[in-house]
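What follows is a set of notes on a single structure, which appears directly below.
The values are calculated or read from the model by the stated rules, or taken from the named source; none is laboratory data. Because the structure is a prediction, the values reported are computed rather than measured. All Cβ positions, glycine included, derive from the backbone under ideal geometry; neighbour counts span all protein chains shown.
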Amino acid sequence: MAAAPVVALRPNIALPPRVYANQMASNSNRGIPRTSIDARRRRRRILVTLIVGALASFVFAVYLGGFALVVHLLIDALLLGYAMMLVQHQRTREDRLNPVGVDDSQPRSWDVASGGQR
């Protein structure tokens with residue numbers, strides 16, 4: 001009796017090497033921004049794209065109506081949400097850089113008469 005042939009269950013596949021964000025070219029337009037300037041440019045580019053899209057969709061909504069109006073309202077909602085996100089990001093950044101109420105020049109003491117710190 002002849003032995004059954006051995007069949008590999010998984011073929012040997014050569015996978016491409018992984019490319020990580022720190023290995024990407026510095027002039028790459030994709031991936032994670034390398035510096036805060038790159039991130040700022042990316043945010044500005046997204047904002048300008050949304051504004052142009054909102055203006056163009058407004059023109060189409062005026063002339064075509066119907067579905068174009070729905071698209072315009074959707075782009076307006078995206079623009080509003082992105083603007084709110086940018087404002088929140090700016091506030092968080094300012095709070096991180098300039099904390100409010102921190103005065104380390106004077107030692108803290110407890111004022112019993114007023115019931116709190118002074």
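Some points to look at:
- Taking residues in the range 39-63 that are free of Cβ contacts under 8 Å to residues at least 12 places away in the same chain and outside any helix (DSSP H, G or I), and partners anywhere that are of a type outside the set (Lys, Arg) and surrounded by 12 or more Cβ atoms within 10 Å (Cβ to Cβ), not one pair has Cβ atoms closer than 7 Å while being at least 6 places apart or on different chains.
- Top-ranked residue of the range 18-45 - restricted to ones that are of a type in the set (Lys, Arg) and surrounded by 11 or more Cβ atoms within 10 Å (Cβ to Cβ), ranked as modelled with the lowest pLDDT: Arg34
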